[in-house]
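Q: Before anything else, here's the structure in question.
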């Protein structure tokens with residue numbers, strides 16, 4: 001749940017959020033969805049839950065005039081072939097744990113997210129960034145070849161890349177139509193050779209700042225020019241630094257030797273190595289964080305996502321800002337479930353089909369994920385956490401060459417008073433204009449208004 005939605009005026013513990021919609025429906029087919037949409041006036045707002053259609057859980061709250069479609073019944077996963085390619089068609093209610101397990105059984109791979117309960121349809125229709133796999137396999141949205149959707153008028157349509165609506169769906173989809181299913185191109189599991197993960201403990205923020213700065217320099221010199229490998233460095237509120245290096249099928253050399261400089265950096269700082277792991281397959285990498293994520297609970301679990309990145313290798317100024325300010329001043333102590341994720345991208349994501357998601361334009365990016373149990377914080381504490389997060393993000397907006405709030409998958413632009421622009425989110429001013437034009441055509445009454453970017457495309 002967006003942390004902005006638990007900023008209640010009362011003092012003391014609280015923060016519960018209740019759905020405001022006037023009715024909730026559980027359709028079982030595309031025809032059911034179409035009939036429900038047609039049964040209400042053309043101006044009735046429509047929200048979708050399950051399958052992660054909406055970032056920020058905007059649809060979960062909706063408003064008093066809205067109708068909610070719960071797509072939990074759409075659980076089909078079907079494998080097939082067409083024109084020499086292996087494909088999988090995924091229902092709108094499928095979540096990543098279900099898809100990853102199924103794809104594993106067919107010897108395939110996809111650029112999936114790390115959250116087991118994240119909806120596949122919502123992920124695709126927000127671009128589909130995968131920190132571990134997108135350098136090699138592109139964004140998940142870039143692997144889509146067909147969709148079944150229901151429009152704002154209740155029309156069931158099958159769309160492909162030949163349709164203008166199709167590309168717009170891969171970044172603004174839940175503001176344009178209801179997804180019934182999506183067909184994706186499968187890669188072979190052998191595309192991912194393996195991964196090395198090291199976890200180091202730190203005692204103070206200064207250590208995290210220094211490690212982040214030096215590891216970003218390593219990323220700039222050794223990772224970004226080399227598309228056979230990717231790197232993610234995560235600084236956590238629990239005083240851990242998690243370093244994950246993923247090796248693709250084009251990598252030549254010894255993975256253990258490759259990550260040695262990062263181990264030596266930690267050793268020179270006297271950071272304790274608290275865990276290490278070797279993953280030998282796509283599946284092991286895809287499922288590795290499921291137990292960690294399962295432990296992140298709250299009533300509600302309040303979160304703020306903010307993303308920043310560069311289209312090329314980060315400059316010294318960007319590296320210093322990320323380490324000194326994003327890592328150094330983010331509310332990791334106040335919101336102990338929070339993390340700062342520093343990641344390499346580029347590669348297939350950058351060279352593939354341009355989508356209405358800024359992720360496909362970036363070679364380097366950082367996520368600030370402010371995360372805490374709202375029930376354990378009073379109203380003043382929740383406000384302080386949000387204000388501290390916003391202060392860091394506001395400073396990021398002023399850094400030369402650093403783009404902010406560009407990502408549909410890893411951004412939550414419901415911040416009150418923040419100056420995010422449509423061009424930052426959809427990748428370019430041209431892409432934003434195109435999405436806005438399609439929105440006016442397919443949903444002139446703005447029935448699908450709970451997309452977090454609706455203020456830009458309505």
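Q: Could you say whether any residue in segment 307-318 is within 30 Å of residue 186 (Cβ to Cβ), part of a strand (DSSP E or B) and either modelled with pLDDT under 95 or in contact with a strand residue (DSSP E or B) (Cβ under 6 Å, 6 or more places away or on another chain) (or both)?
A: Looking for residues that are within 30 Å of residue 186 (Cβ to Cβ), part of a strand (DSSP E or B) and either modelled with pLDDT under 95 or in contact with a strand residue (DSSP E or B) (Cβ under 6 Å, 6 or more places away or on another chain) (or both), one finds at least one in segment 307-318, hence yes.
Q: Is there a residue being surrounded by fewer than 24 Cβ atoms within 10 Å (Cβ to Cβ) and more than 21 Å from the chain's Cα centre (by Cα) anywhere in segment 362-375?
A: Among the residues of segment 362-375, at least one is surrounded by fewer than 24 Cβ atoms within 10 Å (Cβ to Cβ) and more than 21 Å from the chain's Cα centre (by Cα), which makes the answer yes.
Q: What's the number of the condition residue 407 fails, among (1) over 28 Å from residue 120 (Cβ atoms); (2) touching a residue at least 40 places away in the same chain (Cβ under 8 Å); (3) in a loop (DSSP other than H, G, I, E, B)?
A: The single condition residue 407 does not satisfy is (1).
Q: Would you confirm whether or not segment 361-373 contains a residue that is under 19 Å from residue 171 (Cβ atoms), assigned to a strand (DSSP E or B) and at pLDDT 90 or above?
A: Yes - at least one qualifying residue is present in segment 361-373.
Q: Here is a check on your reading of the model: is residue 276 part of a helix (DSSP H, G or I) and closer than 24 Å to residue 367 by Cα?
A: Answer is no for this residue.
Q: Within segment 144-169, how many residues turn out to be buried (at least 24 other Cβ atoms within 10 Å of the Cβ) and under 17 Å from residue 441 (Cα atoms)?
A: Of the residues in that region, 4 qualify.
Q: So, one more: Identify the residue in segment 249-267 that is under 29 Å from the mean Cα position of the chain (by Cα) and part of a loop (DSSP other than H, G, I, E, B) and, among all such residues, is nearest to residue 216 (Cα to Cα).
A: Taking the candidates together, the pick is 259.
Q: Show the residue pairs that are 6+ apart or on different chains and have beta-carbon atoms under 6 Å apart, the first residue being within segment 423-451 and closer than 15 Å to residue 151 by Cα, the second being surrounded by fewer than 17 Cβ atoms within 10 Å (Cβ to Cβ) and at pLDDT below 90.
A: Hits for this filter: 446/458.
The rows are residues; the columns are (1) part of a helix (DSSP H, G or I); (2) on the phi > 0 side of the Ramachandran plot; (3) modelled with pLDDT under 90.
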site	(1), (2), (3)
375	yes, no, yes
399	no, no, no
412	no, no, yes
430	yes, no, no
433	yes, no, no
436	yes, no, no
444	no, no, no
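Q: Looking only at residues in segment 273-303 that are within 13 Å of residue 109 (Cα to Cα) and out of contact with any strand residue (DSSP E or B) (no Cβ under 6 Å at 6 or more places or on another chain), which one is surrounded by the most Cβ atoms within 10 Å (Cβ to Cβ)?
A: Top of the filtered list is 286.
Q: Within segment 219-244, which residues are under 24 Å from residue 274 (Cα atoms), surrounded by fewer than 22 Cβ atoms within 10 Å (Cβ to Cβ) and free of Cβ contacts under 8 Å to residues at least 60 places away in the same chain?
A: Correct list: 239, 240, 242.
The values are calculated or read from the model by the stated rules, or taken from the named source; none is laboratory data. The shown structure was predicted, so the numbers you read here are calculated from the model rather than taken from an experiment. Cβ atoms come from the backbone with ideal geometry, glycine included; neighbour counts cover every protein chain shown.
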